[in-house]
Amino acid sequence: MDKEKQYYEKLGAQLTTLRTLKGLSVEEVAEKLNLSSQELKSIENGEIEVGVEKVIALASFYNTSISEFVHFNTSLNADESESQYSSRNMQEIIAMMSLNFEHQKALLLKEIELLRSKLKP
């Protein structure tokens with residue numbers, strides 16, 4: 001399994017754990033975050049990529065720091081050892097998130113340029 005897929009699966013598991021600890025349903029969380037229930041289920045199952053803006057919104061919603069959120073705070077998963085998440089793994093995860101952010105930024109800049117070209121007389 002590739003590292004990016006593993007990352008999204010771990011992130012989804014983290015989200016499921018946080019939601020369950022708060023006693024919330026998928027529907028409740030989805031509504032509060034302006035997502036469809038299906039989208040949130042797909043995120044929790046690690047089936048779709050999660051953009052930076054959603055990571056920020058999710059971390060804020062669950063009242064956790066982004067650092068704890070993306071580093072998969074092991075206190076939420078007592079059966080997993082901290083050594084599983086080495087510094088190198090964290091650097092790889094941060095690099096993947098950075099690439100995702102850069103990709104989204106490039107797409108937004110292209111969209112802005114397209115809109116500007118449509119507005120020019």
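Details
- Pairwise FRET efficiency - A57 versus L108, Cβ, R0 = 22 Å, nearest 0.05: 0.85
- Nitroxide proxy distance, nm - points 7 Å out along Cα→Cβ at E9 and S65: 2.9
- With the simple model of a label 7 Å out from the Cα in the direction of the Cβ, T17 to S98 spans 2.5 nm.
- Convex hull of region 14-56 built on C-alpha atoms - directionally averaged projected area, nm²: 2.8
Bear in mind these aren't lab numbers, they're just calculated from the coordinates by the rules spelled out. The structure displayed is predicted, hence computed values, not measured ones. Quick reminder, even Gly has a Cβ in these numbers, built from the backbone with ideal geometry, and neighbours come from all protein chains shown.
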